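Reading through the structure tokens given below for one structure.
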Amino acid sequence: LVERLGSFADVLNMSLYDNVLQVMFRYDRDPSDSLKLPVYVDVLNSSAIIFEDKAVLIHRMVTYQGKQFGWVTVRVDSSHLQDLLEEYLITAIMLLFGVAAVALVMAVLVGHYFTRPILRLAEFTRRISHTGKFEELPVRHEPGEIGDLYDGMNAMLAEIKQSEAEIERLNETRIHNIINTSLDGVISINGEGEITYWGWQNEQIFG
């Protein structure tokens, strides 16, 4: 057993006890190391795993086929595990920062992808509200839902433009009907003094 334990460099100490904690076997790779358990551990009634600075102390009951044969206490070197955990921790932190950086870049790109066309459309609507001219239509540059928003805006502006043209035509027709049914003579003159409209009543008035 000593030769076998000697092949495991991580095992620092090991003790086998009977049921009343009499030492039946003791192995010490380093005599300076100790297997002394803390006072808060009930060594006769409970198992324990204690993490020290550079070692792990394990105290367990030995049973076989439901019968208790005693206790075993092992002290194992964990310094290399701590180094490995530190490497894993550093790697995890680097991965975390990397993922955070990628997420930030993706958020900026996605935000730029969505906000730029919306801001451009908002600027276009502000310009229309100030000028009142619906001839200019926004150009669709983006696919998907943003592009559908542009298409909806174009359709709305086209309907407004068509409605304005219809209203203008109806007004011209209404004015023309009013002039034609008027008993007064109506003459329309442009800025150069040229007659652009001569009502039929003028013929009776002026001969």
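The values are calculated or read from the model by the stated rules, or taken from the named source; none is laboratory data. Everything numeric here is computed off the predicted structure, so don't read it as measured data. Cβ coordinates were reconstructed from backbone atoms using ideal geometry, including for glycine residues, and neighbour counts include every protein chain displayed. Heads up: the accessible areas ignore ligands, DNA and RNA and are worked out on the full protein's heavy atoms, side chains in. Shrake-Rupley method; radii C 1.70, N 1.55, O 1.52, S 1.80 Å.
Would you work out what percent of the accessible area of the chain, with all protein chains in place, is carbon or sulfur (probe 1.4 Å)? Roughly 62 percent, rounded to a whole number. What nm value, rounded to one decimal, do you get for the distance between Asn202 and Val20 when each label is placed 7 Å out toward the C-beta? Roughly 14.0 nm, to one decimal. Can you figure out the FRET efficiency of Leu104 with Val56, using R₀ = 30 Å and their beta-carbon distance, to the nearest 0.05? E(calc), rounded to 0.05, equals 0.15.
What ranking, highest mean first, results for peptides 149-157, 36-44 when packing means the other Cβ atoms within 10 Å averaged over each residue?
Values: 149-157: 14.2, 36-44: 10.8.
Those peptides, ordered most packed to least, come out 149-157, 36-44.
Suppose the chain between Ile179 and Asp30 were pulled fully straight at 0.36 nm per residue; how much longer would it get relative to their current alpha carbon spacing?
On the way: separation 149, 0.36 × 149 = 53.64 nm, distance 12.07 nm.
Residue separation times 0.36 nm, minus the Cα-Cα distance, leaves 41.6 nm.
Helix 79-131 and the longest principal axis of the C-alpha atoms of the chain enclose an angle of approximately 10°.
Considering only Leu119, Phe206, Leu57, and ranking their Cα positions along the charge dipole of the chain that arises from unit charges at the beta-carbon of Lys, Arg, Asp and Glu, the one farthest toward the positive end is Leu57.
Assigning unit charges at the beta carbon (Lys, Arg +1; Asp, Glu -1) and nothing else, what dipole magnitude in debye, to the nearest 20, does the chain show about its Cα centre?
Values: 17 positive and 29 negative charges, 224 e Å.
For this selection, approximately 1080 debye.
If the segment from Val41 to Ser79 were pulled out straight at 0.36 nm per residue, it would be longer than the present Cα-Cα gap by 11.3 nm.
Between region 146-171 and region 172-196, how many Å separate their Cα centres? Going from one Cα centre to the other spans 30 Å.
Volume per residue for region 149-200 equals 85 cubic angstrom (convex hull of Cα atoms).
R0 = 25 Å: FRET efficiency of Glu172 with Ala122, Cβ-based, nearest 0.05? Don't skip to the end; give the middle numbers.
Values: r = 35 Å, r/R0 = 1.41.
That pair, Glu172 with Ala122, gives E of 0.10.
Which values of log₁₀ I(q)/I(0), to two decimal places, follow from the Debye formula for the chain at q = 0.08 Å⁻¹ with a uniform point scatterer at every Cα? For the requested q values the scattering log ratios are -0.65. The chymotrypsin sites (Phe, Trp or Tyr not before Pro) found in region 1-33 include none that occupy coil by DSSP while having at most 10 further C-beta atoms within 10 Å.
Given a Förster distance of 22 angstrom, what is the FRET efficiency for Asp10 paired with Ala48, based on the Cβ-Cβ distance and rounded to 0.05? For R0 = 22 Å, the calculated efficiency reads 0.70.
With the simple model of a label 7 Å out from the Cα in the direction of the Cβ, Glu164 to Leu149 spans 2.4 nm. Of the trypsin sites (Lys or Arg not before Pro) found in region 39-85, those that fall in a DSSP loop while having at most 16 other beta-carbon atoms within 10 Å are Lys54.
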